[in-house]
Amino acid sequence: MALLQISEPGGSPQAPPRRRAAGIDLGTTNSLVAVVRDGRVEVLPDAQGRCLLPSVVHYPPQGEPLVGEAAAAEAVKAPLNTIASVKRFMGRGLEDVQTLADRFPYDLVQGEGGMLRLRTRRGEVSPVEVSAEILKVLKARAEAALGGPLDGVVITVPAYFDDAQRQATKDAARLAGLEVMRLLNEPTAAAVAYGLDQDAEGIHAVYDLGGGTFDISILRFSRGVFEVLATAGDTALGGDDIDRLLAQWILEQAGFGGEAGDAALRRVLHAARSLKEALTEAPEAAVEVPLPGGRHWRGRLDRATFEDIIEPLIQRTLRPCRRVLRDAGIRPEDIREVVMVGGSTRIPHVRRRVGEFFACEPHVDIDPDQVVAIGAARQAEVLAGNRSGEDMLLLDVIPLSLGLETMGGLVEKIIPRNTTIPVTRAQEFTTFKDGQTAMAIHVVQGERELVRDNRSLARFELRGIPPMAAGAARIRVTFQVDADGLLSVSAQELSTGVESHVEIKPSYGLSAGEIERMLRDSYAHAREDMEARRLRERQVEAQRLADAVRSALAQDGERLLEREERAAIEAALTRLEAVCGGDDADAIDAAIEELDGATRSFAARRMDDSIQQALAGHRLEEI
Ligand code: ADP
Ligand code: MG
């Protein structure tokens, strides 16, 4: 595949006009914008030549908000009015961020619709509005470079972003006046930037350790298509955590025990970050922090000690690495290439550990800060129609299985986790009761066997099913997940065409932490879940059989059964009903067997009877 198709200068008049497109990496810590110009991808700098725009917004008493370096410079003086790491709050409610709340000095309040807001001197602002300020600056950069308004952008999001977080990102873009052609998972964008599609077939890993999030993805490239086999990560793990560990070390070394004020803490964090970045280049570095009372503390840190301090954090990233391998059903040796993304992968110790884990030398050639934006720009170019897209088809996956509640509170998975999107899957269901005219559809997300252990996404009803015998209606439920990972579900009764539909509204969804917990639970409870499922299935089967036998007795009992036969069936039925609500699956099994045995000849007689009735008055060749 050619890296980029260069359009002919002054080409044929029929050639469609080039559309202006850009790729945006809207990062927790830093944001960037890249465009394709003259067939080359360029990351666009500001007037001072800086490509990274710190994702910080400052609200001054009057005038326009400041964004980037200028905003970051205000953080120490005006912490409540200077919002950093806002990406962590996107699409979140106050409850979702309780664990983060004490990490940040912001005044968080619960807003309308469950989403949190931040109280500033300029009133309450939403994370969507704050992000829009960052996007506006990047938009202006791209429009200046391309010489006109943008037609569309690709914005990257962590693979673990859920519906609500993706929707919030799109809202921020809309607010900034941007048309989002597609949200793209960050690791997928990085793989595109590295042109792993130039390789022969192979399985690759993308390890992205930024300032605020960690993502690991396993990608497979085959037959010209990238497929994300599995993703995992942690949206509360990154370089910021390293800064905090180092800040702690500094506070301890400086004998600074008591409560540090917000401003002091920020200064120490700032020093910690500089110290960390210096240690990437040098084996030892100096640090200096102002203490209360105008004094200063000076110290030195060597790389070996630094590596000891951050080792636990690196270990925390390796856990999801193990999990994705397990999910993808592969071993570390199966990985061909490892791509490093995110500023924190500059740390030599991180590179070394990751290299050891995957037993190969990771790719570090492209600037780890820029690699995501570069991939996004390339994808934007394809989506804008400026080059043929068939050579770069990108697929993403859904992080948790999507399914339906079935009888007995069980989950029927319709789309298993790590299925690539966009995807449409349909499955047929039937009615449980005779004459049932409505069916409740309960959409759930998660890996556990029982509905109550999963997350409920939506409920709706299919009404107007014509009354039929239990099991006769055919209801097709269709799950559709679009390229942005948003789900819609529809149900249709096939004989009548009656239909019902629901878009899964972005409620404030799961944090990555919750997704992780749900996955962990599903592994931890796998055995117990299997047993619970078996019990529920037996209970449902027992109930179904009991209902069927009761209705058969009512219809044909008089006509087709001797009194003793009927008594034997009723006794077996009573025994089944006695155990079917209990939790002894074996006892239910035994009672089902027994009732089955007792009704065998009754069933045969009913069958003969109905065949005879059907045949009555018809000649054989008609049938
Ligand atoms: P995000 O994707 O969260 O916006 P980035 O990929 O921009 O984050 O990475 C930012 C993080 O990288 C910050 O924590 C920053 O301190 C860290 N970082 C940048 N340069 C270095 C370096 N030379 N050594 C160590 N960490 C670095
Ligand atoms: Mg990043």
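In table form, for the structure just shown:
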| item | result |
| --- | --- |
| Arg37-His501 FRET efficiency (beta carbon distance; Förster radius 41 Å; 0.05 resolution) | 0.40 |
| Point-to-point label distance, Glu562-Arg605, nm (Cα→Cβ direction, 7 Å offset) | 0.9 nm |
| Cross-link reach list, lysines versus Lys413, counting only Cα pairs under 19 Å and skipping chain neighbours closer than eight places | none |
| Separation of alpha-carbon centers, the range 47-83 and the range 95-155, rounded to whole Å | 13 Å |
| 12 Å beta-carbon shell around Glu361, net charge (K/R +1, D/E -1) | 0 |
| Nearest-0.05 FRET efficiency for Thr406 and Ala78, computed from C-beta distance (R0 41 Å) | 0.15 |
| Cα lying deepest toward the dipole's positive end in the range 527-615, options Gln543, Val579, Met530, charges on Cβ | Gln543 |
| Using alpha carbons only: equivalent-ellipsoid semi-axes of the chain, gyration tensor based, whole Å | 56, 30, 23 |
| Calculated FRET efficiency for the pair Asp46/Ser274, C-beta based, R₀ 30 Å, to 0.05 | 0.90 |
| Placed amide H near Cys360: partners under 5 Å, 5+ positions off or other chain | none |
| Mean separation of Cα contacts under 8 Å (6+ apart) over length of the chain, as relative contact order % | 12 percent |
| Dipole moment magnitude, nearest 20 debye, the chain about Cα centre, only Lys, Arg, Asp, Glu C-beta charged | 1500 debye |
| Kyte-Doolittle at least -0.5, axis length at least 30 Å by Cα - qualifying DSSP helices, the chain | 303-328, 585-615 |
| Local net charge near Val372, Cβ-Cβ under 9 Å (Lys/Arg +1, Asp/Glu -1) | -4 |
| Euclidean distance between Cα centres, the range 272-327 to the range 433-477, Å | 52 Å |
| Within-13-Å neighbourhood charge of Ala603 [Cβ basis; K, R +1; D, E -1] | -2 |
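Each reported figure results from applying straightforward, stated rules to the coordinates on display, with no laboratory input. Just so it is clear, the model here is predicted, and its values are computed rather than measured. Glycine also receives a Cβ, built like all others from the backbone with ideal geometry; neighbour counts cover every protein chain displayed.
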